[in-house]
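Heads up, the thing below is written out as structure tokens.
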Amino acid sequence: MINNVITSEFDNNGLPLRRIRSFVRRQRRLTKRQQLALDKYWPEMGIEFQPEILDMTRLFRRNKPVVLEIGFGMGDSLVTMAQNNPQQNFFGIEVHAPGVGSCLASAKEKGVENLRLIYHDAVEVFEKMISDNSLSVVQLFFPDPWHKARHNKRRIVQVPFAKMVMHKLKIGGVFHIATDWEIYAKHMLEVMNNIDGYKNNSKKQEYITYPQVRPVTKFEQRGQQLGHGIWDLIFERVK
């Protein structure tokens, strides 16, 4: 597995360009379980970043709907969804190696075969590797809210990214977002409601009640115990 989650870019003078990222890499030590999974299972389930479009049918060796999750954390909910929905293909993107290792280990322990992972910046993966009109679902659960005002520009849910996601979805495909930060939820709703081509699946044109398709994560359970609310948004590509 190549340990580089971003592609370096340079200006005409050879100086590195600084692009605003929605994440900060945390250098954490891998557990033995995580390292073993990376060593043993990455060649089978991992995808190295490359600046060319993926053929999803060839990748999964079958033509089934593709569900893509951005930032799957330790992978618990992603593996559960893949296990419960064998008729779909699942594709996960993560920038933290311990999470990738844990996800690989869990997938193998549960006999999940319809899952592929990539260790790279999601924006670059979308720009370089995902073809337009190819995804049935894009999931973004509990992204970093970047709650300080000076960091708001780092939030991944911004108009340019949401538009790019829309183009990668098939007509009728959905972008499912969830957060436990109310201010970020309002920001997400404003962004999504102002993009032509999306339809809010909420009858009230706001948030939806807890959707059964999304497993409750340990992170979410901890938040609920602390009295945090959860806001889900599901927007469908309609044109």
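The values are calculated or read from the model by the stated rules, or taken from the named source; none is laboratory data. It should be emphasised that the depicted structure is a prediction, and the values quoted were computed from it without experimental measurement. Virtual Cβ from ideal backbone geometry, glycine too; neighbours counted across all protein chains shown.
For every residue, the table says whether it meets (1) within 20 Å of PHE72 (Cα to Cα); (2) of a type in the set (D, E, K, R).
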site: GLU182; (1), (2): no, yes
site: ALA185; (1), (2): yes, no
site: SER202; (1), (2): no, no
site: PHE219; (1), (2): yes, no
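Number of residues in the range 194-215 that are among the hydrophobic types (A, V, I, L, M, F, W, C) and within 18 Å of GLU182 (Cα to Cα): the value is 1.
I'd like the residue in the range 219-239 that is among the basic types (Lys, Arg) and not in a loop (DSSP other than H, G, I, E, B) and, out of all such residues, is modelled with the highest pLDDT. Applying the filter and picking the extreme gives ARG237.
Within the range 73-92, being surrounded by fewer than 23 Cβ atoms within 10 Å (Cβ to Cβ) and either of a type in the set (S, T, N, Q) or in contact with a helix residue (DSSP H, G or I) (Cβ under 9 Å, 6 or more places away or on another chain) (or both) holds for GLY73, MET74, ASP76, SER77, THR80, GLN83, ASN84, ASN85, GLN87, GLN88.
Restricting the range 65-106 to residues that are within 18 Å of TRP42 (Cα to Cα) and polar (S, T, N, Q), the residue that is nearest to the chain's Cα centre (by Cα) is ASN89. Counting residues in the range 46-69 that are touching a Gly at 6+ places or on another chain (Cβ under 8 Å) and closer than 19 Å to LYS168 by Cβ gives one or more.
For beta carbons closer than 7 Å, sequence separation of 6+ or different chains, a first residue in the range 29-55 that is farther than 17 Å from GLU94 by Cα and touching a residue at least 24 places away in the same chain (Cβ under 8 Å) and a second that is surrounded by 12 or more Cβ atoms within 10 Å (Cβ to Cβ) and polar (S, T, N, Q), the qualifying pairs are ILE53/SER131.
Yes/no per residue for (1) aliphatic (A, V, I, L, M); (2) under 29 Å from THR57 (Cα atoms):
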residue	(1), (2)
MET188	yes, no
ILE195	yes, no
LYS204	no, no
TYR207	no, no
VAL213	yes, yes
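Scanning the range 203-222 for residues that are of a type outside the set (Val, Ile, Thr) and surrounded by fewer than 17 Cβ atoms within 10 Å (Cβ to Cβ) yields LYS203, LYS204, GLN205, GLU206, TYR210, PRO211, GLN212, PRO215, LYS218, PHE219, GLN221, ARG222.
Residue by residue through the range 51-72, note down the ones that are assigned to a loop (DSSP other than H, G, I, E, B) and surrounded by 13 or more Cβ atoms within 10 Å (Cβ to Cβ). Those that are assigned to a loop (DSSP other than H, G, I, E, B) and surrounded by 13 or more Cβ atoms within 10 Å (Cβ to Cβ): LEU54, LYS64, PRO65, GLY71, PHE72. Name the one entry in LYS153, LYS163 that is charged (D, E, K, R) and either closer than 24 Å to MET81 by Cα or at pLDDT below 90 (or both). Criteria check complete, one pass: LYS153.
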